[in-house]
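Okay, structure first, notes after.
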Amino acid sequence: MDNNLPDNEKSLWILKTKGALPLSRLAQEMGVTNEGARFHLLKLANEGLVECTAEAKGRGRPQQIWSLTGKGHSRFPDCHAELTVHLIRTIRDTLGDKALQKIVKANGVEVFERYTNELVGTRELEEKIGILTAIRKREGYMAEYKKEDDGSYLLVENHCPICAAASECQGFCESELNIFRTLLGAQVHVERLSHIVSGARRCAYAIKAVSE
């Protein structure tokens with residue numbers, strides 16, 4: 001996260017990347033007091049960007065949980081969404097679904113070649129994942145990864161800058177998963193655990209080296 005962001009923008013970024021959070025946790029992430037965090041959240045709520053729900057946990061007062069609204073999620077851009085969806089529908093209606101799939105495949109080839117060029121010379125799996133994460137982060141996916149206790153890796157994309165296109169044509173998501181699998185090699189298992197297009201908060205991939 002860019003620490004130079006205004007506090008209200010920081011809170012949006014944190015809620016986007018970490019999901020719904022209680023006020024105290026959000027204040028901790030922002031580096032401000034609970035009252036300071038509440039002040040910024042109330043301003044964002046008035047703008048329709050965040051919302052608060054009460055969650056009961058045992059005895060005592062219900063805990064306030066803050067999350068992004070649909071309007072809040074839209075602050076993280078979907079690149080040229082309206083135009084892209086229009087083009088996809090036009091191609092499908094005028095040229096047919098087979099032509100659209102050829103375009104998706106050609107795009108996948110171009111992406112794969114570009115990613116492959118950036119991975120030249122890498123051998124270790126974690127190094128490959130690190131470079132792939134950096135590429136995806138640069139492209140607007142708000143990507144990050146971590147190594148799990150069992151030696152596997154979790155690659156997370158907190159935002160999809162082509163969500164509208166992917167929702168209109170699932171071939172983009174299938175191509176993306178195939179690219180990841182081919183890039184990381186036959187001895188690596190890649191499984192998509194969650195999917196933004198299917199309604200999840202983020203896309204997440206489990207990556208694990210497998211024995212021959």
Exercise. Name, by its number, the condition in (1) under 22 Å from Glu174 (Cα atoms); (2) assigned to a helix (DSSP H, G or I); (3) out of contact with any Lys or Arg (no Cβ under 6 Å at 6 or more places or on another chain) that does not hold for Leu100.
Key: (3)
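Does segment 13-35 contain any residue that is touching a Gly at 6+ places or on another chain (Cβ under 6 Å) and touching a residue at least 12 places away in the same chain (Cβ under 8 Å)?
no
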Quiz item: Residues in segment 107-143 that are under 16 Å from Leu177 (Cα atoms) and among the polar types (S, T, N, Q): how many?
Solution: 3
Quiz item: In segment 202-212, what residues are outside any strand (DSSP E or B), surrounded by fewer than 17 Cβ atoms within 10 Å (Cβ to Cβ) and in contact with a His (Cβ under 9 Å, 6 or more places away or on another chain)?
Solution: Val210
Quiz item: Could we say that Val111 is β-branched (Val, Ile, Thr) and at pLDDT 85 or above here?
Solution: yes
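The values are calculated or read from the model by the stated rules, or taken from the named source; none is laboratory data. Computed from a predicted structure; not experimentally measured. Neighbour counts run over all protein chains shown; Cβ positions are idealised from the backbone, glycine included.
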